[in-house]
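Below is one structure, written out as structure tokens; comments come after it.
The values are calculated or read from the model by the stated rules, or taken from the named source; none is laboratory data. Computed from a predicted model, the values in this text were never measured in an experiment. Please note: Cβ atoms are built from the backbone with ideal geometry, for glycine as well, and neighbour counts cover all protein chains shown. What goes into the accessible areas is simple: the full protein's heavy atoms, side chains included, and nothing from ligands, DNA or RNA. Shrake-Rupley method; radii C 1.70, N 1.55, O 1.52, S 1.80 Å.
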Amino acid sequence: MRLLTHNTLRNSSQKAKGEGFPLKITATEIRVEEAPVLTEDEQQLSFVKGILGMLDWSALVKAASEMGLENALPPMLTEDLVKDEDFLRALFHVLMNVHLVNGILTCPVTGREFPVMDGIPNMMLEEEECEAVRI
Amino acid sequence: SITNHFDSTGKGVEVFVPHKKSIHHCHIGMRKPEDAQRLITSLQGKNVEWKTQAGGECIQSPKLFLDYADITHRSVARGKRSDGHEVERGEPSRSECTSATDHITVPGLELVESFVSEEEENVLLAAITGPYAPWAPSQVVPSKTGSVRRRVQHYGYVFDYETANVLRKRQAAAAACPPMPKIPDKINAQKDINVLEQHIEKSVEEGRGWEALAGIIERTRRHTFQNNLSYPLINQMTVNEYRKGEGIGSHIDTPSAFDDGLMSLSLNSGIVMEFRNKDKRIKKLVYLPARSLLLLSGPARYEWEHHIVTRTTDTHNGEVKPRDLRISLTLRTALTTPEDGGSPMIRLESNAYPPKWDVTHESGNEEKDALITPSTEKEHVHAVYDAIATQWHHTRGRRGVLWPGATQFLLDLPKGSVVADVGCGDGKYFPAIWEAGSYVIGTDISLPLLKTSIGASVGIDTPESRQVSKHRIHLRDRPAVAVADCMNLPLRDNSVDAAICIAVMHHLSTHERRLRCLEELGRIVKPGGRINVQAWAMEQDADSRRKFASTDVFVPFNAQPKYLNQSRDSGGLNNQHCAVNENHSVAEMYAKAFDGAEYDERKGLVVFRRYCHLYRQGDMEDLASQVPNLRLVESGYESGNHFLILEVL
């Protein structure tokens, strides 16, 4: 599970009331894999620029430090940073190359734990945890 | 299966086992003398193990002693008709030709051929053997070779095979069953038969099987048989499923249970029924073709026993007719007990479809919470995909056929989009999304399927649609996937730019769940973002000529045991203990573990039944219109699917 993926995930149980985000990461196995950078610089940059708008920045910063990347990201995203190509490349690395292979994701509101195994988070809820029919 | 090896005609071999508990000998009917000789030569003096056709008992034989009897002469002589027509040589004599009893008449017996049309038959079968069929708890039905577990359904009143009587006190749990299917009152009020027939035709056209069934029952009530007989008070129906080779023991329907006038509609396959008048030791063989209605009245109902022999073929007018699965609908008028006057029981009917028991025999929760996963989906969607995951990926996934419309939708997205692929399966659409410069997060309820999306191997034969350029190999090796239920997506509100949901909506079995899926898609996609939904259409050609017979059906999947073994190891059937590695043992194990799965012994396949809800023209648009924050951009039909493109407001 990459940090980009983690940025979208939440606990959707009824108890969490839509606030089950960001999930706290407890990592037992992390893998850092380098994506080839050479000829693909242009594409990577445009990709990162494209997804910037969707990111929850503070959640990303917190998750990065939980994955062992303390101070890898600035606390705030500024206009200058967005134009800085070196920053964007570093951001690409953080978003795309740092994988949680095994670990646990914990809901900040309810404490509900979701396992991550072989990079796949299991977000299945029990029937009782789900929202009943809105009458 | 041992004897099939010697059958050179391919018409099948008949094995007759005397109906005693201890089996000392049996007759094997081959169609050609040479086949019989070869069988004897090969098996003489050997030990053999085989199963009886219907009972499934395994017989381990001691050394076999085989003797050849040329019985064809006898069958020819008996099969000769008054017009000199000769019965085909080599027919086993036990499968007597109906023409042998052409000269016998059973008073009160009438056969109405083509009582239902082929279209009507298809639609009726789709309902009666479909996902909502109200099968009774497994009945043990007496037959000549002992008792057999047969699937039955009862409507109106339960018929109890043990006491051979109707259960009249419906409060008891054992007497619970759905009411008789009913046609709308305003149609029924019209005496003109054309009004009824038009209603039936419309029901058939729209694939409304239960409504068509109600119409056919009413057609039977209004039918005038010979001698001006008619039975308007029919209030009970039993559906019997006769698998190939199954029969039913000789009997007369309990006189105190049912009034005169018993009718039986045969669907899907014909069969020969034997009638025996015990007093006079006379026998009559009648071939009941598929779609025919049989009437037993007067002596036929009260004085002649009827039964169906346990065997796989029948002989009618000199022609050997192999049996297929036969569904019989028996329509009767249940009576009160003689002490209570023996008048017809009150008709209990309802037009709530699909038919339900009065007392829910599932947990009451399913009534209160319409979003709870129904058992139909657990057994006929989730469990099946878990089991077939490997084969699915190797065949459909690897073949790489992507729907053009869905692919274009993905290519049209702006670069750097984050796309949710809800129900992503083996990640078929991932490469298209990556090559378009976007990022995909796939969710699916099946972990085995998700696992096949990882590091999808690339070889010379990998189709273009699944190939990934080298700088995206890191995506292919670690796709972003999560196990999740589309009813509760684990994604934040407005967290993705777009979403696709391909081949998911047709596996959702209730209106509420289908609506919920669309609502979830609308929640996770940001305003202005787009959603592509695609699901199976009822109309399978662009010009609607080929159609599924009903909106809710079981669609078979032929699973090969070699793949099932692999699925098992990756979590397909975790709890089953399997010590044997042979393919057919795996197949049998799966067939037993899955409700409704069949083991096709000859092909060595397990045929799973997947639940599918099919969409008619306009159904998906209707559904989307009920979600306030979704706007319809485009809808259409592509390769047997209806699709929608929606925009989030």
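Of the solvent-accessible surface of region B:593-649, computed with a 1.4 Å probe and all protein chains present, 45% belongs to carbon and sulfur.
You can think of it this way: the chain between residue B:558 and residue B:317 has 83.1 nm of extra reach, that is 0.36 nm per residue less the Cα-Cα gap.
Helix-only arithmetic for chain A: the sum of -39500 (n - 2.57) across DSSP H runs with n ≥ 4, divided by the residue total, places the mean residue ellipticity at 222 nm at -9000 deg cm²/dmol. For the A and B pair, go ahead and give the buried accessible area with a 1.4 Å probe, both sides summed, in Å² to 100. The A and B chains share an interface burying roughly 3400 Å².
In the full protein context, region A:1-78 carries 50 Å² of accessible surface per residue, based on a 1.4 Å probe and ignoring ligands, DNA and RNA. Per-residue extension of 0.36 nm, minus the Cα-Cα distance of residue B:493 and residue B:171, leaves a gain of 111.0 nm for this segment.
To the nearest 0.05, what FRET efficiency results for residue A:43 and residue B:401 with a Förster distance of 22 Å applied to their C-beta separation? Write down the numbers at each step before the final one.
Numbers: r = 27 Å, r/R0 = 1.23.
That gives a FRET efficiency of 0.20.
Legend: calculated FRET efficiency, residue A:26 to residue A:57, from the Cβ-Cβ distance at R0 = 22 Å, rounded to 0.05, equals 0.50. The angle separating the long axis of helix A:57-66 from the principal Cα axis of greatest extent in chain A is about 90 degrees.
Here the accessible area of region B:228-281 is 45 percent carbon and sulfur, with a 1.4 angstrom probe and all protein chains present.
The accessible-area loss of region A:90-135 on complex formation, taken against its chain alone with a 1.4 Å probe, reaches 30 Å² or more at A:96, A:120, A:121, A:123, A:124, A:127, A:131, A:133, A:134. Mind pulling the angle between the C-alpha long axis of helix A:41-52 and the longest principal axis of chain A? Nearest 10 degrees, somewhere in 0 to 90. So the helix axis and the longest Cα principal axis differ by about 40 degrees.
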